[in-house]
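Read the figures in this text as sums done on the coordinates, not as results from a lab. None of these values were measured; they are calculated from a predicted model. Neighbour counts run over all protein chains shown; Cβ positions are idealised from the backbone, glycine included.
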Amino acid sequence: MCSMTFYYHMYGKDIGMLSIYSRTAVNGKLTRLWRKSGEVGNYYARDVVTLPLVSAASTGQAIQVNCRVLQENYNAVNIGGVVFFA
């Protein structure tokens, strides 16, 4: 089993959503692994996501991070400190 540990910061009244997806095949379906919406606060929060197992026939796994804010002014969404553990 593999996991991804990360820190995220979501601050501002019009914060939308931060999502993490996995894809195990080129042009394959995105599978949502994690999602947070709304303001969390003016600090970095920590979370861990368990990544799906990949078959031996697979060419690997891609992780995609999507962010959506409702308004561009005075909103901050950041992700950092990403570490993968096997």
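Local charge sum around MET10 (other residues, Cβ-Cβ under 9 Å, Lys/Arg +1, Asp/Glu -1)?
Neighbour charge sum, excluding MET10 itself: 0.
5 Å is the cut-off here: which amide hydrogens, built 1.01 Å from N in the peptide plane, fall below it relative to GLU39, excluding neighbours closer than 5 in sequence?
Residues meeting the amide H criterion: ILE15.
For the chain, what number results from the quotient of the Cα radius of gyration and 2.2 N^0.38 Å?
1.20
Quick one: net charge of ASP47's neighbours, Cβ under 13 Å, K/R +1, D/E -1?
So the surrounding residues net to +3.
How high is the relative contact order of region 2-85, in percent, counting Cα pairs under 8 Å that sit 6 or more residues apart?
50 percent
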